[in-house]
Structure formats: C-alpha cells, structure tokens
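The values are calculated or read from the model by the stated rules, or taken from the named source; none is laboratory data. If you're wondering where the values come from, they're calculated on a predicted model, not measured in any experiment. Cβ placement follows ideal geometry from the backbone for every residue including glycine, while neighbour counts extend to all protein chains displayed. These area figures cover heavy atoms from the full protein model, side chains too; ligands, DNA and RNA do not enter into them. Shrake-Rupley method; radii C 1.70, N 1.55, O 1.52, S 1.80 Å.
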Amino acid sequence: MFASVLSAAIFGMEVREIQVEADVSDGLPSFTMVGFPSAQVREAQERVRTAFKNNRLSLPPKRVTVNFAPADMKKEGAGFDLPVAAAVMAAAGILEPELLKEVLIVGEISLNGEIHGVSGVLPRVIRARELGLRFCIIPQENLREGRLVRDMQVVGVKTLTDMICCLKEPQMYTYPEPEVEKRESQEEKGVDFADICGQEAARRAAEIAVSGFHNILFIGPPGSGKTMLARRLPTVMPKLTFEESLEITKVYSVAGLLTEKDPLIRKRPFRSPHHTSSPQALAGGGRIPGPGEITLAHRGVLFLDEMPEFSRKSLEILRQPLEDKEIHLSRAAGTYTFPASFMLAAAMNPCPCGFYPDMNRCRCTPGEITHYLGKISQPLLERIDICTEVPAVSFSKMKKRIQGESSAKIRERVEAVQEIQRKRYQKEEICFNGELDGRMLEKYCVLTRAAEEILEQAYGQFQFSTRAYHKILKVARTIADMEKSEKIQSEHICEALTYRAYDKKYWS
Ligand SMILES: [Zn+2]
C-alpha cells in the first residue's frame, strides 16, 4: 500500500516542503530510502524500525520503500524521522492514509519511540499556515515555539503512540485557538545606561547612533567603559513589536538556540563575538549554513570589542551585509540568504598599549600605532558613521558616582526620533537616516544657508572623501531630527563634524 505525508526542510532561512512517501509491498523484507537523503536522514530507518519494535507496532515482513520528493535537493537533519514513521505506518495499514492529508509532521525519534525536539520548528509552522494545512504535529519540546504562530493548530507529541492517537482523533488534541503568549517581559533587571557615570559625550554619540541606526565606534584607553556603553545600546532601542520578535525568534529557531520554556525572543539581540571568531562563525558556516553571529544580531547590535584584533578576513565579511542588510552565502547546493539588519558597534584601544595620544603613558612607537590602526581598512571605516572617544573617567567623577540618565528615558526620545524617520521614509525602501544614499541624501538633507557654508569650509579644509561627506550629512540629519528641526542647522552640522574629527585624528 502507498501513503504519503508532508514535512519540510530548512535551507538557510527558507522552508521547502518535502513529501515523504512510503510503500509497503510483497517481496524480500527490506527497508530502502531514496530521494537524495543525507547519511543522517538515512539513519532514520534504523531509528524508526527499532522504535516500532519497542512500541509493539509490528512492521510486516515486507519490502518497505521510502521516497523524499522532490529528489533534486539533499535532505538533511533528523526532523524526518517522524514523518517517515507516519508514512510507513499508513502504508503498512496501521493508520488510514486519509488521516495524513493536509498535515505537516516533523520530529526526531529515539529508539524507544520517544520524540525529541528539532530546530527550525517555527518557520515550518509558519509555512504550514501559509499552505492552509489542517494542523501540524511537532515534538512536545517545541510546542510553545509552534504555538507562537497564530491561527494554526499545532499538536505536541511525546511518543510514537501519541502521534497515532492524535492523527486518529485530532479534535481531542488541537485547541480552537492556540494559546498566544502575551506575557509581557518583566521589567528587565539587566543593564541600564544609569550605571554609567560621566562619559556625557560618548552617551550623546550613542543616543544619536541608535536614533538614526548609525554604526558607531568607541575609541579609548582600556577600562574607560567602552564595552559598558556598547552593552547598553539595545536597552535604548525601541521595544520589539510582536512581528519583530517573531522574525528574530525564527532566526534563533533555525539556529537551535531557543529555550523550551520561553521560546519567544523579547529583547533585542546583543551579540559580542570574540576577536578570535572565524569568518565562518560570523557569517554562518557549514555545508548547509546556519545563521552566524551577523544574523543572530538581526534587529539588534553586533558588538566587536577590540576590533583591530579581529582577522582581516573576518572584518571584510561585514562589508556586504552592512550594505545590503542581509548576507548571501554560496554553497554547492545554491545560495543561501540570511537577514542581517544589525547596528554595528565596535570598540578599540587607540594603540597597542591603549594610552595614545597620552604621550606620558603610551609606550608605543609611531610605527606600531600606524600598524595597529591600519588593521581596520578604510572601506570598513567608511561604513561607520559615528566615531567617538571614551576618555578615562576622572577620579572626582568616579568618587561622586553621579548617576546617568536611565535607559527608559533615553528610549522615549529615541522612539520619537525614529517615528519622525518612519513617517518621512514611508514611501522609500529605507527606515532610518543611517540608510540614506545618494539621491535620497539630496532630497532629505536640506541645509540652511549658514550650515551649508560651514560644511563647505570644512570640506575645503579637511578634504573629505565623498563617503565621509555623506556620513556627515546623515548624522546631521539625525541630530536635526532629535531637535525636531526640518532643516539641518549649522549647530547640527558642527556636531556631526566632531564625529568625523576623531577618525581624522587617528587615521589621517
Ligand atoms: Zn600606546
């Protein structure tokens, strides 16, 4: 007898439907799998057969053939165990083949018939909803994750027997309305901008950066609080909407990084890969690549501490996603695209010892300093809009421990500024000032006469590159938005110029 059931595979972030077909017919007892399964998928036959035996489900001594369609792409992962088991059961007469219609099944089986969780359940359930299926059967471990999808019936199963019961009487297991978890994140106790004393200039730069989604670089001696500042960037970003949360959760689902208890990601990601991280770890590695750090930082912050210590190759990998907001990885089986709309924050010492330009303390030779700064390529530097110094905190400030403004306060302002941008760019493909380019710069960055004169003067004096000139305009646009000014005034241009002055100072 023949039976078939729908399952799905994950290719990058993309979900592809896979039809799992089974046929049980007379002949020498055997179990064959065709349709381009990987070695790992092929092992399903051993697990399924043993799980059947241990659950007193007798597989008739016949010829069993399982096929995965379409056959033109390689099937990877352990998620096919459960659909294979279901298709074989139906083909062997244990289940009515009718029961498998319009159902999506995914899950891994252990030898005793228990079902284990798999990664990438969320995108599969979303796909099932798009296809208008009746319901999905997923491992119990992934149930909360699957239930995040509204308007889709999802059933969690723990054992092979569970699956049989639920296929026979789905109404007993599905719920009219999946419980959508609306639990508000409790006021996060974590980090807060209030913890930082002093550093007004760097705080201001950070607020501008977040408001306009500009990439930012903190330069300063060791221990001045660069990392502390960067860690607090996500806390002043606007709170995630449910759709954004789901989008990020999808990425973490594919990466297998969700927790069983509370799978929905409610906080903006902050990823801080170590400087020894390989280019693959940043971009996403593997024959069928999974999300790398760049993608895990989607809609949040990617923080590179001690940026010059990263290998050149790792840093160069950032350039394309910084431009395109997504990353493309080519493999033999095709090109995979992952989302990568992140804000880049980087921190570095100004020289190997960390104290340049304080010549009383810096022990480095000019050659060493040039070499150190030279590790950051000009093209990468040009993608960082704001560069700010984080000086060592003076003893008197440290002693007074003046509390800074809280993240919640700053976030209110940031949200207002982002709202201005949202309205302005409604008809454009961008959302933030940080994404402005040639044509749009001209259209949206209108300067007052006085501001224009200052910019012209600075241009003559410092000989900016075109890119640098654009960056000044973008940052000035954000500063003007923070002051609710339609036109860019001279003080906005002046402030924007100071953020260029630092990288002129170090890299000229
Ligand atoms: Zn030094």
Restricting segment 327-386 to residues that are within 12 Å of the ligand (Cβ to nearest atom) and in a helix (DSSP H, G or I), which is surrounded by the most Cβ atoms within 10 Å (Cβ to Cβ)? Tyr372
Filter segment 86-101 for residues that are out of contact with any strand residue (DSSP E or B) (no Cβ under 6 Å at 6 or more places or on another chain) and open to solvent by less than 60 Å² (accessible area, probe 1.4 Å) and give the result. Met89, Gly93, Ile94, Leu95, Leu99
Under 6 Å by Cβ, and 6 or more places apart or on different chains, what pairs join a residue from segment 138-162 that is in the same structural domain as Asp262 (by TED's automatic domain parsing) with one that is aliphatic (A, V, I, L, M) and open to solvent by 70 Å² or more (accessible area, probe 1.4 Å)? none
Leu148 fails exactly one of (1) in a loop (DSSP other than H, G, I, E, B); (2) surrounded by fewer than 20 Cβ atoms within 10 Å (Cβ to Cβ), namely (2)
Look at Gly12 and say whether it is out of contact with any Pro (no Cβ under 8 Å at 6 or more places or on another chain) and not hydrophobic (A, V, I, L, M, F, W, C). no
Would you be able to say whether some residue in segment 63-80 is open to solvent by 40 Å² or more (accessible area, probe 1.4 Å), touching a residue at least 24 places away in the same chain (Cβ under 8 Å) and of a type in the set (A, V, I, L, M)? yes
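Going by the conditions given, is Ala392 among the small types (Gly, Ala, Ser), within 28 Å of Gly190 (Cβ to Cβ) and under 30 Å from the mean Cα position of the chain (by Cα)?
When the stated conditions are applied, Ala392 does not pass them.
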Would you check if there is a residue in segment 102-118 being crowded, with 23+ Cβ neighbours inside 10 Å, of a type outside the set (Gly, Ala, Ser), out of contact with any Gly (no Cβ under 8 Å at 6 or more places or on another chain) and under 14 Å from Leu57 (Cα atoms)? no
In the set Ala332, Ala340, the lone residue that is of a type outside the set (Lys, Arg) and farther than 20 Å from Gly120 by Cα is Ala332
Does segment 97-104 include one or more residues that are touching a Cys at 6+ places or on another chain (Cβ under 6 Å), assigned to a strand (DSSP E or B) and free of Cβ contacts under 8 Å to residues at least 60 places away in the same chain? no
